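What follows is one structure encoded as structure tokens, with my remarks underneath.
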Amino acid sequence: MVIVRIGVPSKGRLSSGSAEILRSIGLNVTIGNDRRLLADVGKGKYQVLFANAKDIPEFVEAGAADVGITGRDLVEEQRKAVDKLLDLNFGSCRLMIAVPETSNVQSVDEVRDGAVVATSFPRLTREYFSSKGKKVDILEISGAAEVTPSIGVAELITDLVETGSTLRVNHLRPIETILESRAVLIANRQSMETKRTEIEELTFALESVIAASRKRYLMANVPASRLEDLSSFLPGVSGPTVMNIMGRSDMVAVHAVIAEEDVNAIIVILKEMGATGILVVPIERMVS
Ligand code: AMP
């Protein structure tokens, strides 16, 4: 049997989301206290290699894992020779440029040539500043860029920002976004040839879970006379499904796929129409 080895962050910000999405396609992944490096997670077909998010692009490029989950920021920064297969719907953050709150600088255009920028993303930072025609000095650090302006070693920083609270606590103000990041699934190029079918099976499964995650399946009994009004706000995947209810000619059963954020508004409209038996249930997988 062909085994697909998946690189998964074993700790840090992407670990629980990675384990969760793999569990949602039936793989038995636990981020544990045991110190195993490799675990069989799916009937001898899938194996997990636990590693740091930062090392996963390298491991996938080298073929230590066939595919891997890591941050887009890390893939772009390291520019390893891997294929990007899929955006996963967690781990959102932005690589941003920030200045001290007291600075007058509002945009990169106003940054002086020769300014020192502290970052753990030297390549993306250098490229961004030079794309704006700015010559800055990059101070490469391995983390905690946010403290460097206050200790006088840098004038500005680039760092990953999710809510902005770390910047605020350190009296920094974001000015521009270099990159929007999320967790991504990447693949080893050779594995894409030798294990294409198995990797595609995994990718399609993940895709269907992601597609389903923000959708709900709605069922309701609706007065037949109001059916015409329905199609405008109940799109479904290809229009709502309408079924007869045994013994009732005045009501029909309607099923539709709706966006999670529309659920409350649609329930109100349905009730106004005289709908009964309204049910909203989660969808496990969606393949269009
Ligand atoms: P780790 O160093 O293992 O915690 O993982 C860091 C990765 O998590 C980053 O490279 C990003 O892809 C992702 N991430 C998501 N949100 C944030 C955030 N607010 N700060 C840092 N990393 C984040």
Are any of the residues in the range 215-225 without any contact (Cβ under 8 Å) to a residue 24 or more places away in the chain and either under 30 Å from Leu85 (Cα atoms) or charged (D, E, K, R) (or both)?
no
Which members of the range 264-288 meet the condition of being surrounded by fewer than 14 Cβ atoms within 10 Å (Cβ to Cβ) and in contact (Cβ under 8 Å) with a residue 40 or more places away in the chain?
Gly274, Thr276, Gly277, Leu279, Val281, Pro282, Glu284, Val287, Ser288
Residue pairs qualifying under the 9 Å Cβ cut-off, at least six apart or on distinct chains, with the first in the range 1-13 being within 13 Å of Leu27 (Cβ to Cβ) and the second being within 11 Å of the ligand (Cβ to nearest atom), are Ile6/Ser18; Ile6/Ile69; Val8/Leu14; Val8/Ser15; Val8/Ser18; Val8/Ala51; Val8/Ile56; Val8/Ile69
Lone unmet requirement of (1) open to solvent by 40 Å² or more (accessible area, probe 1.4 Å); (2) in contact with a helix residue (DSSP H, G or I) (Cβ under 6 Å, 6 or more places away or on another chain); (3) more than 14 Å from the ligand (Cβ to nearest atom); (4) in a loop (DSSP other than H, G, I, E, B) for Ala65:
(1)
What is the residue count in the range 70-87 for residues that are more than 10 Å from the ligand (Cβ to nearest atom) and crowded, with 21+ Cβ neighbours inside 10 Å?
1
When restricted to Val60, Val41, the only residue at pLDDT below 95, open to solvent by less than 40 Å² (accessible area, probe 1.4 Å) and not charged (D, E, K, R) is Val41
Counting just the residues of the range 88-112 that are within 16 Å of the ligand (Cβ to nearest atom) and part of a loop (DSSP other than H, G, I, E, B), which one comes out surrounded by the fewest Cβ atoms within 10 Å (Cβ to Cβ)?
Ser92
Residue list for the range 216-257, restricted to those being assigned to a strand (DSSP E or B), among the β-branched types (Val, Ile, Thr), open to solvent by 30 Å² or more (accessible area, probe 1.4 Å) and closer than 21 Å to Pro282 by Cβ:
Thr241
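Only one of Ser142, Ser130 is loosely packed, with under 12 Cβ neighbours inside 10 Å and within 16 Å of the ligand (Cβ to nearest atom). Can you tell me which?
Sole residue among the options that is loosely packed, with under 12 Cβ neighbours inside 10 Å and within 16 Å of the ligand (Cβ to nearest atom): Ser142.
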Mind checking which residues of the range 1-28 are touching a Phe, Trp or Tyr at 6+ places or on another chain (Cβ under 8 Å), more than 17 Å from Val184 (Cβ to Cβ) and within 16 Å of the ligand (Cβ to nearest atom)?
Ser10
Of those in the range 1-38 that are among the basic types (Lys, Arg) and not in a helix (DSSP H, G or I), the residue surrounded by the most Cβ atoms within 10 Å (Cβ to Cβ) is Arg5
Counted residues, the range 157-198 - those being more than 16 Å from the ligand (Cβ to nearest atom) and either open to solvent by less than 20 Å² (accessible area, probe 1.4 Å) or not β-branched (Val, Ile, Thr) (or both)
13
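The values are calculated or read from the model by the stated rules, or taken from the named source; none is laboratory data. Being a predicted model, the structure only gives us computed values, none of them experimental. Methodologically, a virtual Cβ is constructed for each residue, glycine included, from the backbone with ideal geometry; neighbour enumeration extends over all protein chains shown. Please note that ligands, DNA and RNA were not included when accessible areas were found on the heavy atoms of the full protein model with its side chains. Shrake-Rupley method; radii C 1.70, N 1.55, O 1.52, S 1.80 Å.
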